[in-house]
Every structure is written in structure tokens, then in C-alpha cells.
Amino acid sequence: MRSLLEVRNLRTEFATRAGVVRAVDDVSFSVGAGETVALVGESGCGKSVTALSVMRLVPKPTGRIAGGVVRFRDRDLLALPEEEMRAVRGREIAMIFQEPMTSLNPTLTIGRQLTEGPEVHLGLEPTAARARAVELLVQVGISDPDRRLRDYPHQWSGGMRQRLMIAMALACQPSLVLADEPTTALDVTIQAQILELLRELTRRMGVALLLITHNLGVVARYADRVNVMYAGRIVERAPARALYATPRHQFLRDAEQQESTRPLVAALIRDPRFYTLEWNSLDDLAWMIARWTGQRSAGSYPEIQARSEDPAVRDKALAEYRRRLRSSISLWLPKDSSHISRPED
């Protein structure tokens, strides 16, 4: 497949009081036309800075792109004059940012922000741009779009604002969309809706997608190829299925174990019985949950196998599952916590 975007040996640095920090260190990857490629890694590994570097939006003066090539449709974006680069942003490459409330202008209406791109990049008249905005809101599932165009960002929910960001990204029919953690601040149900919407629209329009995330579940469901980033570098790359079958980097192994227990813990913290447990540490809590779940769902979690006749096998499996549960539980609870606060319903 011919590459639409090809990044080679990209290096981005930030000047700090402690010295120069290389946030992106010799990163190379490619995205083909109509393809969905994931850039996955833990928080702080350089994923977002990589996307900002592609768009030449690295904050100055502390940040700078120190070297490399970002080739898009046979043009090196890093060598383009700023005026030409502004024509690329939004028109040929669009970006969906992590937190829409900080990306949207609170003083402008939804309609003004959604029509600006088509007016600037496509040369549409205000009436035509408004019609395009209504069409886009319908596509992303916003009801009563004519009235909603008069709203301001604070009047919309988080899910609606994220739908708006998708509409804005697709407004000028770009060839490539960079989606930087597009569901970060949303609950699980809305996350699934947004990701399904993004996949449906990009496939329908033939748009390539660079999906930046730390969620391996998202990667498995939506990506064709995966690049694993760690400490500013690409440490592993493979087709999504192959990566899951034989993960090599320790980050993937740890994250995979967390992901396997995350749904269980999410369900447990909604169960009233969870709050009757007495515990003194996360280790105690993880052990009790492992025993509890092992007794009632051994068939669903074969690694526990509470029915095993060999006590040594059962104890080893429970210990491993306890370690994995502890890792997932720590996502919800402070390490020094001595009680559980039940979430609001």
C-alpha cells in the first residue's frame, strides 16, 4: 500500500530548566490511504507530541522539531512555508484533540466554529457553509441541528462536544485525521459510541486515521496496524492481530494484563457487596476479590480455576490473578487509601 503519510526519524525537543528533553526520539511510521493506524503507549511517552509535530503545532519557544522528515503526498511538511502549512491543516490533515472544551472557543457559537473551516479552505459562502454545518451535525448524530448551531460549547455535553470535534475534523473532507485520545473524558458507553461513529465516517469517506491511545481494547477493535511507543521511541510495530498474539515489549504485556481485569473491576465497584469488604491494603482487597470472583465465576476466568483439585495449581493461579487485579484496582484507588468511596449513581 502506498503511504499517504510517512514519518522518518522525527525528533522533537523541549527546553526545560533541567536541560533539553527529547520527547520524540527518532520516530518513524507510515499511514496508508484509507488505513487506520494506532500509535499506542503509556501517558507521557510522546504520542501527542508526535501528532503535534506532524501538524507543526509544537508549542514555542520551549518546543522545537529538531529533525526528521514528515512526508505527506510527496511533500515534506517540515520544509513548507507557514502559509502553505496553514492550507494543509484542516483541509488535507485534520486533528481531533483530547479535550474538546479546551479546544473550542467558548465565546463563539457552534455554528461559527463549524463553518469557519469550509469558508476558509473550501471557499464556501456563509449560506452554503451553514448548510454544510447542518449536514455534518446530522452525520455525527446531533438532533435539531439548525437550533444547535446557535448554541455555545458550554451548553453541550461532553459526548456532544466530541461529536462536534469529529464534525469539524471532517468538514473539509481531509485525507488524514489525527485522533489524539478522542474519548479521554467520556464514560465507557459514550466512548464506544464515539469510536464507532469515527470508524463509520472515516471508512465511508475513505479517510485515513492515525488513532492515538493508551487503550489496548480500542486498538484491537479499530486499528489495522499498531506502533507501540515507549519513552519517546517506537519500540514495536505489527498488524493488530499479530501484536496481540505475540506481544514482545513489557509495556504491552503489562497493559494487556490490566485490560483483561479492568471490566471486572469496573463491574465490581458498582456492586453494593463490594463496599462491605473489610481490608487494610490494596493487596488484601485484591486477594479478597480474587477469592470472591474465583468462587463464583471460575468458568469465566480459567486462570483462577477454583475447582482445581491440585491446591498448588489453584494457589498459583489465584496469586497471579491477585497481582493483575491489584494493578487494575490501583487505577481507581489511591495507594494509601484505607476505604472505598462508592461512586455516584
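The values are calculated or read from the model by the stated rules, or taken from the named source; none is laboratory data. Since we're looking at a predicted model, the values are computed, not measured. Here the Cβ positions follow ideal geometry from the backbone for every residue, glycine too, while neighbour counts run over all protein chains shown. Remember, those area values only see protein heavy atoms, side chains included, never the ligands or the DNA or RNA. Shrake-Rupley method; radii C 1.70, N 1.55, O 1.52, S 1.80 Å.
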| said: Given a Förster distance of 51 Å, report the FRET efficiency between Ala312 and Thr127 from their Cβ-Cβ distance, rounded to the nearest 0.05. | reply: 0.10
| field | Simple label model, 7 Å out from Cα along Cβ direction - Leu108 to Val20, nm | value | 3.6
| query | For the pair His154 and Thr184, how long in nm is the line joining their label points, each one 7 Å along Cα→Cβ? | reply | 2.2
| said: Leaving out ligands, DNA and RNA, and with a 1.4 Å probe, what % of the accessible surface on the range 49-121 is carbon or sulfur? | reply: 52
| query | Points 7 angstrom from Cα along the Cβ direction at Arg2 and Ala220: gap in nanometres? | reply | 3.6
| query | Given the convex hull over the Cα atoms of the range 41-151, what projected area results after averaging over all orientations, in nm²? | reply | 9.3
| Assuming R0 = 56 Å, what is the FRET efficiency of Lys60 and Asp144, from their Cβ-Cβ distance, to the nearest 0.05? | 0.85
| Three-way shape call for the range 106-151 based on the alpha-carbon gyration tensor, with the a/c threshold at 1.5 | oblate
| request: Taking amide H positions as placed in the peptide plane 1.01 Å from N, state which residues far from Gly90 in sequence (5 or more) or on other chains have amide H under 5 Å from it. | output: Met95
| message | Ignoring ligands, DNA and RNA, please state the percent of accessible area on the range 163-218 from carbon and sulfur, probe 1.4 Å. | response | 51
| field | Whether the range 112-215 is rounded, prolate or oblate, judged on the alpha carbon gyration tensor where a/c under 1.5 counts as rounded | value | oblate
